[in-house]
1. Provide a single number: the residues in segment 72-88 that are at positive phi and either crowded, with 17+ Cβ neighbours inside 10 Å or at pLDDT 95 or above (or both).
2. Return the only residue of 160, 205 being part of a loop (DSSP other than H, G, I, E, B), within 21 Å of residue 240 (Cβ to Cβ) and more than 15 Å from the chain's Cα centre (by Cα).
3. Return yes when residue 46 is touching a strand residue (DSSP E or B) at 6+ places or on another chain (Cβ under 8 Å) and either closer than 20 Å to residue 244 by Cα or without any contact (Cβ under 8 Å) to a residue 12 or more places away in the chain (or both) and no when it is not.
4. Is there a residue being under 25 Å from residue 129 (Cα atoms), surrounded by fewer than 16 Cβ atoms within 10 Å (Cβ to Cβ) and over 18 Å from the mean Cα position of the chain (by Cα) anywhere in segment 7-21?
5. (1) part of a loop (DSSP other than H, G, I, E, B); (2) out of contact with any strand residue (DSSP E or B) (no Cβ under 7 Å at 6 or more places or on another chain): which one isn't true of residue 151, the others all being true?
6. Please work out which residue is surrounded by the most Cβ atoms within 10 Å (Cβ to Cβ), limiting yourself to segment 22-34 and to residues that are in a loop (DSSP other than H, G, I, E, B) and touching a residue at least 60 places away in the same chain (Cβ under 8 Å).
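The values are calculated or read from the model by the stated rules, or taken from the named source; none is laboratory data. Keep in mind the model is a prediction, meaning the values are calculated, not measured. No Cβ is skipped: glycine too gets one built from the backbone with ideal geometry, and neighbour counts run over all protein chains shown.
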């Protein structure tokens, strides 16, 4: 039986070095787009998906985030904050949330990613939350010869089909190998994770630089016989990974339309 998801962990601790020097003063998540900070777009996205409790995992260099959002009362939500300065990689904010999650499934979102659905259509996160509470992720399907830099690849995909909604895919070990695949799923910064993820992350080897990656833990979990559901974005859904100036400017321009 599915369970209602009401909690979200937002990773917002990255240094934003690609957008320096402004990010020495203002967190990249607080840069304006469409009349509000990037992170505020995510807050509204979470609220539309019926999320009521949010934990922001931030660094001590980002006091602007709790100063701006406060308790969450202005949004009809409950906000908490945890500081993490160890630079332990994108899996670390999830481990920081273990006690806060209280054994419940939760949304995990990257605070510098802005996602917007086409006018009149259900938001991607609403579709994700409404579909499963086990382990799932939004993805964007790319041709293997046209994958943008810095995308986190999940595995092989079928060619996109025309139709009202993309079809969710249950990932197994076979699909993780995208060698020779013409199309590939790339993770789109919105996850549903269950309590399994904490032990899985602790068991996952760190990369040579000492960092812990969520995608490595997910691949390891799938390889032991579990599955993950990938829900592709629609072709007309917008997603901007605003960790660099080019993508940020694209997001600002898109929100002006």
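1. Within segment 72-88, residues that are at positive phi and either crowded, with 17+ Cβ neighbours inside 10 Å or at pLDDT 95 or above (or both) number 2.
2. 160
3. No.
4. Looking for residues that are under 25 Å from residue 129 (Cα atoms), surrounded by fewer than 16 Cβ atoms within 10 Å (Cβ to Cβ) and over 18 Å from the mean Cα position of the chain (by Cα), one finds none in segment 7-21, hence no.
5. If we test residue 151 against (1) part of a loop (DSSP other than H, G, I, E, B); (2) out of contact with any strand residue (DSSP E or B) (no Cβ under 7 Å at 6 or more places or on another chain), just (2) comes out false.
6. 31
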